[in-house]
Amino acid sequence: MIRLIVLGIVATMTFTNFQPAETPLSDVGDKYDVDLENSKIRWKGKKLVGYAHEGILKLSKSALTITDSQIESAFFEIDMNSLMDDDAIENPNELGLTNHLKSEDFFHVEKFPTATIRITSSKPISNNPDAGDRNFILTGDLTIKGITKKIGFPAAISMENGSFSAKATIKFDRSKWNIKYGSGSFFDDLGDDMISDDIELQVEIVAKEAA
């Protein structure tokens with residue numbers, strides 16, 4: 001159970017076998033093309049006692065509409081097969097944790113190959129000094145393994161000459177998405193093997209106005 005901590009981490013994403021045929025956005029506003037290669041998602045999870053693990057995930061599909069420099073609506077699909085922890089990135093032979101996170105114990109990637117985040121509204125805020133000049137609270141739906149729940153999180157948005165970028169920190173309780181492995185919400189007497197239910201995602205989105 002050594003690195004299984006990471007499992008909770010991975011929950012940071014929205015994993016689901018739900019795959020909409022299309023991702024309709026609001027007809028109001030300008031459409032933007034998201035750079036799937038240069039946009040980034042990093043996850044972080046930890047044990048309650050001991051070490052933490054981090055790694056990456058990649059986007060496989062997206063749609064984004066902007067109105068007056070503000071997100072009107074957005075959809076992001078995550079390729080769960082892209083899941084890797086930093087140990088595996090540094091050494092391709094170190095796949096133990098990555099494979100465990102992809103297994104039925106955690107995200108069951110074979111059955112749920114994608115995860116999704118759908119943004120439905122954004123609200124300007126002015127009391128988040130770490131987010132920069134254009135700060136927002138984004139709200140929407142996070143889907144993991146077929147379970148969808150509402151989420152809200154802060155984001156810093158920048159727009160200039162048709163280019164869009166956003167940085168956001170998403171934190172959520174994996175137990176609410178029925179990710180049980182090593183969770184004190186489901187099991188007693190885990191001791192030092194208990195994995196935190198709290199997952200953190202650092203997300204960076206890069207996009208350009210559609211031609």
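So here's what we get for this one:
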item: Charge-dipole axis of segment 86-126 as Lys and Arg at +1 and Asp and Glu at -1 on Cβ define it, positive-most pick from Ala88, Ser122, Thr98; result: Ser122
item: Cross-link table Lys111/Lys208; Lys123/Lys145; Lys40/Lys149; Lys46/Lys208, entries beyond 26 Å C-alpha to C-alpha; result: Lys111/Lys208; Lys123/Lys145; Lys46/Lys208
item: Nitroxide proxy distance, nm - points 7 Å out along Cα→Cβ at Asn161 and Asp33; result: 1.8 nm
item: ³J(HN,Hα), Karplus 6.51/-1.76/1.60, whole Hz, each residue of segment 162-176, x for Gly, Pro; result: x, 9, 10, 9, 8, 10, 9, 10, 10, 10, 8, 9, 4, 4, 6
item: Label-point separation in nm, Ile125 to Ile147, each point 7 Å along Cα→Cβ; result: 2.5 nm
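Read-outs throughout are calculated quantities, based only on the coordinates presented, and are distinct from any laboratory measurement. Computed from a prediction, not measured in an experiment: that's the story for all the values here. Don't worry about glycine lacking a Cβ; one is built from the backbone with ideal geometry, like all the others, and counts go over all protein chains shown.
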